[in-house]
Every structure is written in C-alpha cells, then in structure tokens.
1. Can you tell me the mean projection area, over all orientations, of the convex hull of the chain's alpha carbons? Units nm², please.
2. I'd like to compare 120-130, 142-152: which one has the highest average count of other Cβ atoms within 10 Å, and what's the full order after that?
3. Cβ under 15 Å from HIS133's Cβ, HIS133 left aside: what net charge do those residues give with Lys, Arg +1 and Asp, Glu -1?
4. Straight-line reach from LYS70: which lysines have a Cα under 25 Å away, not including same-chain ones fewer than 8 places off?
5. What residues from the range 123-167 fall in the zone where the backbone N is under 18 Å from a label point 7 Å along the Cα-to-C-beta line of ASN99?
6. Between LYS111 and ALA46, what length in nm is gained on full extension when 0.36 nm per residue of separation is reduced by their alpha carbon distance?
7. When the chain is fully extended, how far beyond the present Cα-Cα distance does LEU149 get from LYS81, taking 0.36 nm per residue of separation?
8. Given Cα pairs under 8 Å that are at least 6 residues apart, what percent is the relative contact order of the chain?
Amino acid sequence: MNRVIIIFGVSVLVAFLEAPFVKMTNAVCKSYNKSWVVVHYCRLKAYSRNKTSLNINATFIEPANNIFLKMKMMKKASGYKPFLFDYTIDACEFMRKRNQPFAKIVWNLFKHLSTVNHTCPYVGLQMVSDFHHIELPFVLPTGDYLLLLDWIFDGKPQFATNVYFTFVEDLLKT
C-alpha cells in the first residue's frame, strides 16, 4: 500500500514539474470597419513575470447574424510560418452545435470569461476579461506562436484578433 502511495506521489510531482508553460506576449486587435465593430481596447495586463491576462472590449454597432471565423496558428521560425491548422468555420453554427474540434479547443479556453457565450445575433458590447489560465489539451514544441482570428460578417472581414504567446514544454529548462 505504501509503495502505491509513493509511486503515485512521485508521478504527480514529475507531472507537475514537467508541466507546460504558456505565456501571452502580445495581443493586437484591428477593426477593418469601424461603422460595424469598434474595438475599445485589446491588451495584456502583466500580473507577474510569468503571468499576463488578456482583456478585449469591443462593441458591435450593427447586429451580426452571418459570422465566419478564420482561424490560423503560426509558429515563429525565421518569421511566422503556418503551423497546425488553418481553416474557416461558421461561428453561428458552432455556437449552436460545438462541432469543430480546433474551434472547440480555443472556445474552451475562454468561454467562462466572455460575454460571447450565446448564439447569433451578436450586437452591443462583447468582451473577454482577465483571460490568463491556459491549458492546452495537446503538446506543442517549445517556441513562439501566433493565433490569428479573422472575423468575417456577411462575407466581409470586419476585425482581427491576433494573440502572440510563448509555449515552453518543460518548466525545469526555463
């Protein structure tokens, strides 16, 4: 019995020490059509050397019913290069059915910290506040990454959300 407890304790300790580390390094949001989407702020707040939180505040002036989201992951290697996924989803359908695997991963990261947790139409204030706890269900190689989110309303790009982050596989090597 004691052996089982010791083995369990050591495995938990090893898993904790080798846990991945994710830190957001920059956030850039840009409105292409200020008569439809006004981005009030899009910034990171530093709590400590290793902890930052993302805060986004935007107002949708007109109701958005036909929303598509182009998601693209990039990895830094002599500039940012395409990595892992690049596809477009119907965001309104996703909010009804949750049927896209990579979109679901991104959604699960911030769904509890957002006002974007309902189906279309979207109008008025939309925000993500104090997003800092990132747990990815898959392993990435250590490096700098960029998540590009282009929001398309009625077939026209309306605004972009670009989040830069650093991923470190092993805390012992940082």
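Just so it is clear, none of the values below were taken in a lab; they were calculated from the coordinates. Not measured: the values here are computed from a predicted model. Please note: Cβ atoms are built from the backbone with ideal geometry, for glycine as well, and neighbour counts cover all protein chains shown.
1. 12.3 nm²
2. 142-152, 120-130
3. Charge balance in the 15 Å sphere: +2.
4. LYS23, LYS30, LYS34, LYS81, LYS97, LYS104, LYS111, LYS156
5. Counting only backbone N, you get no residues.
6. Result for the pair: 21.3 nm of gain on full extension.
7. Stretched out fully, the LEU149 to LYS81 stretch lengthens by 22.9 nm.
8. Across the chain, relative contact order equals 32 percent.
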